[in-house]
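Take a look at the structure set out below.
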There are 2 protein chains.
Amino acid sequence: MINQHYLDMLGHKSVIRELSEYATRRGAEIGYENVFDYSLGNPSVPAPRDFNADAVHLLETMEPVKLHGYSPSLGLPGVKEKIAASLRRRFGIDYKAEHIFPTAGCAGAIAHAVRAVTVPGQNVIVFAPYFPEYGPYINETGAQIRVVPARFSDFQINFDGFEKAVDENTAAVLINSPNNPSGVVYSEETLKELSERLARRSAQYGHNIVLISDEPYREIAFDGKKVPYPAHYYPHTLTCYSFSKSLSVPGERIGYVAVNPACEHADELTAVFGQISRGIGHNCPSSLIQMAAADTVDETADLSVYETNMNLLYDTLKDLGFTVQRPGGTFYIMPKTLEEDAVSFCRKAMQYDLIFVPCDGFGAPGYCRLAYCVDTEKVKRSLPVIRKFVEECYR
Amino acid sequence: MINQHYLDMLGHKSVIRELSEYATRRGAEIGYENVFDYSLGNPSVPAPRDFNADAVHLLETMEPVKLHGYSPSLGLPGVKEKIAASLRRRFGIDYKAEHIFPTAGCAGAIAHAVRAVTVPGQNVIVFAPYFPEYGPYINETGAQIRVVPARFSDFQINFDGFEKAVDENTAAVLINSPNNPSGVVYSEETLKELSERLARRSAQYGHNIVLISDEPYREIAFDGKKVPYPAHYYPHTLTCYSFSKSLSVPGERIGYVAVNPACEHADELTAVFGQISRGIGHNCPSSLIQMAAADTVDETADLSVYETNMNLLYDTLKDLGFTVQRPGGTFYIMPKTLEEDAVSFCRKAMQYDLIFVPCDGFGAPGYCRLAYCVDTEKVKRSLPVIRKFVEECYR
């Protein structure tokens, strides 16, 4: 009576979730303030006041039937135009409202993007390290995820690995910069080279390989730098965005796909997304949330705390002799663990109430992830504990 | 580069949407108040004040990181408990929080329910007349819709048709009472007979056939009657609900699946829904909207206008000699058209700025649907126009 495939998926519990649940249980024992829980990528700063103020204003002044009415299945036109205008201003690409498809966060965005450009049996290439949910995001469409091993020297793209992985059944490449879990930002050079190689392979195979760019961390960039925008470098790019991190509203499930106007089928893709929605029960994000996000599209929560936290952790990890790439954005850092078995390393750390996530599931065995979307005060208190753990276990 | 299947779906435009677009264009010409637009099932009454007040209260008083934070993928526990408690009170079934899975409206609910209990190649039976979106809702999972012809005498279930349609590959039956488009409410007798037949066939085939009950119109019931609750009559029932109509918030995309505690696999089904979510990019409705809906779970918008409108239209249609079943709920009525070809009938009506929807796509050729979620004043003005249309075209 029940679909066995999904029952089997249940068997494979998420390591991140298990660790997070452990952290919660442990918090109940010793006080959560004493658990240095670096497990979950849940924003820790409040949404900008304007987001809430705008939502309240809409609730108090807009005609309820209009405010809460059905959004067209391709999204509210005014919302789409505000998002397009922001992207035009910021990235100089001539997006129109009709290139924007509002979605329930990046998960919804990727669900539509992958289905639109693949058929079952084709493959979608991802580069390690990668967000483990890319597995179900891709495989559950009937397409297959194909993982290119990491370039461990700097966690840019391993192009030799790409050339080995790509073939005539490659429909798309899914990238994520700034990257979860490494915190690394793909350089202009990386994106140019990727673009050239995609163009070459597209020509060889006689179909355009699509670049799906997952960018929830776009606004969390360090050292005053801008994150290179992948759609700049390759025309056939579907940009998947979420306001979860920029506005600190992950529970509100709001994001979009932006179709590069230079993309093949640019005029049909959002309509195709609308057809996909019918089958997966998506049918638009909340109207209220669409409007509030669009009204604050150019704002962000105060994201500076993540850079402060990153510097504290990076300096301490370096000082302790860790091999670690300095993040260019996100709220993650991914040091090499001090023993080969990252799971064993993270288990030992748990004895010190340090909750790190082994990166085996991210395609980076021998590394662990720290999600530093926590109070800076707690990060500071964790530093001597990290030092104690390393000195007692690995000196 | 683009999935041809979805491009092909684009070719089949929705008749309802085309008519609604025509009504909008015509409205621009002659003033929308002069177009008697009965095409779209979009609630016309405002959400209850408490819904907006509750949302404002949450936005103004709750800690933003908590308010807008990730909901667990199976839904916010407090929300689930409030919904379960309401169902326990109202229907006397012992739902617990863990039997409730919040979804993005009924579309999201059905997407999860169908995937959970089917495998590709199995069939799901629906009874005409039925909401045309059941086609993509079911077929896009890989299962196949199997339509049982209508029982035209009263639009209850055609059980002879059911017996011809059901076979060992039948995984589920999807019903909708009160019904879109007929407005008919399935009687206790109908539900009892359906339950007996499902139990018999389940025993015969060695697997439980699941009843998926789509109930967005549950609270719109006429003549002070209660709508019989299908889960009462059959244990293996997944109840799909949306607050779209009861709270008049269709754009907010909020609903749930309630798993009957007596259902086989009742303890696993919501966890399975969570796994399905990963693949379709659902990952929970908006946190704010989950909370606001749960806080007003036992309220409704002022739904009485729909009964007023129904009576006005029913009396006029009867008076004009239409064959028509008196609706027991919803905001739809489905008269037999005055010529065999419903499309031709509706085209002639358009000349009078009367926008009716032919029911061929609902599995009821020779009938049309009027969605009377419009101002009563407009309904009243439409009555002499309907009379004129009928007298000029069919007398």
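The table that follows gives values for the structure above.
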read-out: Among A:Ile93, A:Ile220, A:Ile333, residue whose mean-square fluctuation peaks in a GNM of chain A (springs only between Cα atoms under 10 Å); value: A:Ile93
read-out: Cβ charges +1 (Lys, Arg) and -1 (Asp, Glu), total dipole of region B:322-395, debye; value: 240
read-out: Distances in nm from A:Pro384 to the matching label points in the other copies, shortest first (labels 7 Å along Cα to Cβ); value: 8.8
read-out: As computed over the protein assembly as shown, the Cα convex hull volume per residue (Å³); value: 156
read-out: Shielding by partners - mean other protein chain Cβ count within 10 Å, residues of B:99-111; value: 3
read-out: Length-normalised contact order for chain A - Cα pairs under 8 Å, 6+ apart - percent; value: 24
read-out: Cα gyration tensor, region A:240-302 - rounded (a/c under 1.5), prolate or oblate; value: oblate
read-out: Anisotropy class of region B:1-131 from Cα gyration tensor, a/c 1.5 cut; value: oblate
read-out: Region A:226-263: trypsin sites (Lys or Arg not before Pro) falling in loop per DSSP and having at most 12 other Cβ within 10 Å; value: A:Lys226
read-out: Mean separation of Cα contacts under 8 Å (6+ apart) over length of region A:112-162, as relative contact order %; value: 38
read-out: Listed residues A:Phe159, A:Phe127, A:Phe356, most fluctuating in chain A (Gaussian network, C-alpha, under 10 Å); value: A:Phe159
read-out: 26 Å Cα-Cα threshold exceeded, pairs from B:Lys348/B:Lys380; A:Lys96/A:Lys164; A:Lys336/B:Lys66; A:Lys96/A:Lys245; value: A:Lys96/A:Lys164; A:Lys336/B:Lys66
read-out: Cα centroid of region A:350-375 to Cα centroid of region B:324-395, whole Å; value: 63
read-out: Peptide-level mean, for A:236-244, of C-beta atoms on other protein chains within 10 Å; value: 1
read-out: Relative contact order %, region A:69-295, counting alpha carbon pairs below 8 Å whose residues are six or more apart; value: 28
read-out: Shielding by other protein chains, B:3-16, mean Cβ within 10 Å; value: 4
read-out: Local electrostatic count, A:Ala165, Cβ distance below 12 Å [Lys/Arg +1, Asp/Glu -1]; value: +1
read-out: Estimated distance in nm for a label pair at B:Lys380 and B:Thr323, the labels positioned 7 Å out from Cα along Cα-to-Cβ; value: 3.3
read-out: Inter-part distance where region B:262-310 and region A:205-261 are each reduced to a Cα centre, Å; value: 30
read-out: Cα-based convex hull, region A:303-367, per residue volume (Å³, whole number); value: 93
read-out: Gaussian network model of chain A, Cα within-10 Å springs - most flexible of A:Ser195, A:Ser153, A:Ser246; value: A:Ser153
read-out: Base-10 log of normalised Debye intensity for chain A (one unit scatterer per alpha-carbon) at q = 0.06, 0.13 Å⁻¹; value: -0.24, -1.13
read-out: Tensor-based shape of region A:336-391 (alpha-carbon gyration tensor, a/c under 1.5 rounded, otherwise prolate or oblate); value: oblate
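Every read-out reported here was derived from the displayed coordinates using simple, explicitly stated rules and does not represent laboratory data. It should be emphasised that the depicted structure is a prediction, and the values quoted were computed from it without experimental measurement. All Cβ positions, glycine included, derive from the backbone under ideal geometry; neighbour counts span all protein chains shown.
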